[in-house]
Amino acid sequence: MSRADRADDPSPAPHRRLVLKGAALAAGALATSTPSALAASPKAAPYVNPLVLNRADPHINRHTDGFYYFTATAPEYDRIILRRSRTLNGLATAAESVIWRAHPAGDMGAHIWAPELHRVDGKWYIYFAAAPAEDVWRIRIWVLENAHPNPFRGTWVEKGQIRTAWETFSLDATTFTHRGTRYLAWAQHEPGMDNNTAVWLSRMANPWTLTGPQVRLTTPEFDWECVGYKVNEGPYVLQRNGRVFMTYSASATDHHYCVGLLTADAGSDLMNPASWAKSPTPVFAGNDDTRQYGPGHNCFTVAEDGRTDVLVYHARQYKEIVGDPLNDPNRHTRVQTLGWKPDGTPDFGVPVADAVRAEG
């Protein structure tokens with residue numbers, strides 16, 4: 001979605017207000033969303049965009065029960081919502097439940113951003129960003145757990161803050177497994193660095209605890225990553241064709257927002273930054289022909305056929321924003337088929353126009 005980081009750490013790093021947020025990518029084998037984990041079903045109807053209005057930082061998880069579970073940032077930044085449907089198009093009209101609300105005071109009281117719903121070891125987990133009600137830019141990563149098979153039921157237990165190496169602005173956590181190891185990827189400001197956020201990776205001891213070192217995979221360096229703010233955020237992982245692809249979002253959350261890509265060989269050490277190659281150009285950006293602007297904070301799911309990869313993201317229908325982009329609620333959730341190039345790398349294409357079929 002979009003963040004306005006005030007970089008609350010004591011280091012002399014950024015001395016200007018930082019805006020952050022937009023993003024998402026996780027899922028070794030896309031956790032519960034891998035084609036191999038799902039039975040094929042009839043061909044999907046054409047996707048109708050925008051899919052869900054006024055919902056940024058979308059996360060869609062197709063679980064083994066055949067349902068698509070949807071969560072996203074609500075523009076009021078005060079709650080976590082959940083929908084489900086047996087079809088992607090059905091999410092547009094599915095009933096929406098509030099499964100957790102911001103605290104009236106103290107931690108997790110403000111800026112409830114970018115929730116992601118994951119199934120880990122037989123339980124549901126939601127990773128999200130939040131700040132204390134009294135210090136709204138002191139944003140950190142938090143975790144909820146629900147042991148009930150149905151995430152609309154049971155009790156969501158607050159497992160606490162994910163502790164990283166520094167107490168600095170952090171958000172956009174996503175989790176995935178690779179070769180039997182669970183990882184967390186997230187965005188965070190590093191003390192002493194002249195940026196807003198970089199993307200980090202760490203192994204996990206359990207779904208709410210990091211273990212071992214944390215490594216920086218990408219920091220804003222290209223011009224397209226530094227428009228307005230120096231931002232790399234919203235990572236999300238897709239594993240295909242012998243490679244691990246990690247998308248992330250860059251720049252301010254207006255029409256300059258766009259998606260970058262990191263690629264690692266599936267046999268490499270993911271904790272070695274040298275294993276990751278970074279695209280020198282954005283792989284997904286705004287388009288004047290289709291009138292979609294600031295696409296980003298994406299994730300991936302799979303179509304109803306159980307095989308076709310689907311790109312999920314938010315975008316606006318206009319460039320002009322009055323005031324802070326954080327206060328503009330019109331980042332809508334969109335979906336479209338993800339293509340593949342002959343060399344086995346993803347072909348994102350351009351964000352499709354509204355009400356135009358995204359071949360699916």
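Using a simple spin-label model with pseudo-atoms 7 Å out from Cα toward Cβ, residue 211 and residue 101 lie 3.8 nm apart. Remark on residue 257: its backbone amide H falls under 5 Å from those of 294, a criterion applied only to residues 5 or more positions apart or on other chains, H modelled at 1.01 Å from N.
Amide H contacts of residue 160: 143, each under 5 Å away and 5 or more positions distant or on a separate chain (H built 1.01 Å from N in the peptide plane; Pro and chain starts excluded).
Given 10 °C and 1.306 mPa s, compute D for the range 215-360 with the Stokes-Einstein relation, Rh being the Kirkwood radius over Cα pairs; round to the nearest whole µm²/s. All intermediate terms of the calculation are to be shown ahead of the outcome.
Details: Rh = 15.8 Å.
It comes out at roughly 100 µm²/s.
Computed from the C-beta positions of residue 134 and residue 287 and an R0 of 51 Å, the FRET efficiency is 0.80 to the nearest 0.05. Taking label positions 7 Å along the Cα-Cβ direction at both residue 159 and residue 179, the computed distance is 2.4 nm, reported to one decimal.
For the pairs 230/319; 230/341; 159/230, note any where the Cα-Cα span goes beyond 22 Å. Walk me through the intermediate numbers first.
Details: 230/319 19 Å; 230/341 30 Å; 159/230 31 Å.
Check vs 22 Å cut-off fails for 230/341; 159/230.
Basic side chains Lys and Arg get +1 at the Cβ, acidic Asp and Glu get -1 at the Cβ, and with that the dipole of the range 273-360 about its Cα centre reaches some 140 debye. Applying both filters, DSSP loop and at most 10 other Cβ atoms within 10 Å, to the trypsin sites (Lys or Arg not before Pro) of the range 201-303 eliminates every site. Where in the range 116-143 does the label zone of residue 65 land, with the point 7 angstrom along Cα→C-beta and an amide N cut-off under 20 Å? Answer for this model: 116-127.
Partner aspartates and glutamates whose Cα lies under 17 Å from the Cα of residue 278, excluding those fewer than 8 positions away in the same chain, are identified as 221, 223, 225, 233, 265, 269, 343, 347. Of the GluC sites (Glu not before Pro) in the range 160-244, the ones in a loop by DSSP (not H, G, I, E or B) with at most 15 other beta carbons within 10 Å are 167, 221.
For the range 260-360, chymotrypsin sites (Phe, Trp or Tyr not before Pro) meeting the loop criterion (DSSP other than H, G, I, E, B) and having at most 16 other Cβ atoms within 10 Å: 318.
Each reported figure results from applying straightforward, stated rules to the coordinates on display, with no laboratory input. These numbers come from a predicted model, not from an experiment. Cβ sites come from the backbone with ideal geometry, for glycine too, and all protein chains shown count toward neighbours.
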